[in-house]
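Notes follow the structure.
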Amino acid sequence: MDKVEAVVLSGPGRPLERREYAPPRPEPGGAILEMVASEVCGTDVHLFHGHLAGVPYPIIPGHVSVGRVLETGGPLFDLEGQPIAPGRLVTFYDVFRICGQCWHCLVAKAGTRCPHRKVYGITTSADEGLLGGWAQQIELKPGVRVLPLPEELSVEDFMGGGCGLPTGFHAVERAGIALGDTVVVQGSGPVGLSALVFAQLAGALRVLVVGAPKARLEAARRLGAEDTLDVLEERDPAARARWVQERTSGRGADVVIEASGNPAAVVEGLEMMRDAGRYVVVGQYTDAGDVGLNPHRHLNRKHVTLTGCWGYEFTHLHRSVQMMARFKDRFPWRSLITREYRLADAAEALRDMERLAVVKALVRP
Ligand SMILES: [Zn+2]
Ligand SMILES: [Zn+2]
């Protein structure tokens, strides 16, 4: 191959462009992957609308991907010390250059807030190279953590979870679910659906999902939701909170996980939660505006544990992938892939994702 093609988003609202690159060579400690599949997720829609701060347009979108190792810059090993040879099917932690040396990394132990953090397909410029998944090849920089896909997992299994898999896993970890808890998940996109699965594996007695549209709620029921509420049919937030109260002896859910992206959902979720419950906000990845809440009623008197959840660390990717491999027959993540698109049709994939016509869209070079 003498040219490598990529899809470039040059700025918010601009049409996607094709760009050709010279075939990349691996840096020492790095690797080149031949892309097998990348995803189109809600974040890509936000990137298209310019809703995320600090994005160095032009970018090659696509942050969670699967590829086949083409070439490595010297020996490459996984975390178990096993060599990763050319031909191996792998994914990788899309965040790199977490410095491990700053105040956030060392004192706060909050790696996802390291100011030096860079993310493939989001905070990497297309001018710096093939650093996004909507391309025929991708360059893995030295230090990028490569994760070989377990034997049991196909590309479609893993990509059916996509970036929602470790994100949902992280949210459930933050929620501290106890055996027998009733959990409400607000939002039925890929993050909410993975949170639904991991909440069950964490010991939830039952999980209720509040979201839309229908196809996503059907997916939620396939993945074990006890009941679902369509927010396009029940438009009254008070009635939605009542729907949860009716299913929890009037008390509200022990745990609520917000994965909707709608700021108003945060107040609504607090209304759905029992006193002294736990609330995790993971869906407000972009700034969609402010909401008003009543600090007395919603926080103080409610005795709430309110937790934010930003990004995920390698541990969440690693553990969520092993869990998926173990439980893929019970939870058919791969059924979440609604459609696959060629690189040339990336714009259509983005449009379909924007109007929620698909649960999970893949881009396959
Ligand atoms: Zn740092
Ligand atoms: Zn994503």
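Just a few scattered comments:
- Net charge, residue 351 excluded, C-beta distance under 13 Å - Lys, Arg +1, Asp, Glu -1: -3
- Sum of side-chain charges, residue 294 neighbourhood, beta-carbon under 11 Å (Lys, Arg +1; Asp, Glu -1): +2
- Note on the chain: helix-only mean residue ellipticity at 222 nm, from DSSP H runs of 4+ residues weighted -39500 (n - 2.57) and normalised by residue number, equals -7500 deg cm²/dmol.
- DSSP beta bridge pairing in the chain, given as percent antiparallel to the nearest 5: 50
- Estimated FRET transfer efficiency when R0 is 35 angstrom, pair residue 218-residue 319 (beta carbons, to 0.05): 0.80
- In this calculation the C-beta distance from residue 235 to residue 357 is compared with R0 = 30 Å, giving a FRET efficiency of 0.90.
- Placing pseudo-labels 7 Å out from each Cα toward the beta carbon at residue 57 and residue 154 gives an inter-label distance of 3.8 nm.
- Residues of type aspartates and glutamates that residue 118 reaches as a straight line, Cα spacing below 18 Å, ignoring anything fewer than 8 places off in the same chain: 27, 44, 94, 127, 128, 139, 313
- Taking the C-alpha atoms of the chain, convex hull volume expressed per residue in Å³: 133
- Here the Karplus relation 6.51 cos²θ - 1.76 cosθ + 1.60, evaluated at θ = phi - 60°, turns the backbone of the range 190-204 into coupling constants of x, 5, x, 5, 5, 4, 4, 5, 5, 4, 5, 5, 7, x, 4 Hz, with x for every Gly and Pro.
- Cβ-Cβ FRET estimate between residue 106 and residue 178, R0 fixed at 41 Å, reported to 0.05: 0.85
- Euclidean distance of C-alpha centroids, the range 236-304 and the range 98-126, integer Å: 30
- Alpha-carbon Rg/Rh ratio, for the range 164-308, with Rh computed the Kirkwood way: 0.92
- Inter-probe distance in nm under a simple model that places probes 7 Å from Cα toward Cβ, at residue 14 and residue 335: 4.2
- Straight Cα distances below 19 angstrom link residue 360 to the lysines 214, 328, with same-chain residues fewer than 8 positions distant left out.
- The gain in end-to-end length when the residue 97 to residue 294 segment is fully stretched comes to 66.9 nm, 0.36 nm per residue minus the alpha carbon separation.
We did not get these values from a lab; they are worked out from the coordinates using the rules stated. Please read all numbers here as calculations on a predicted model, not as lab measurements. Neighbour counts are summed over all protein chains in view; Cβ atoms, including those assigned to glycine, are modelled from backbone coordinates with ideal geometry.
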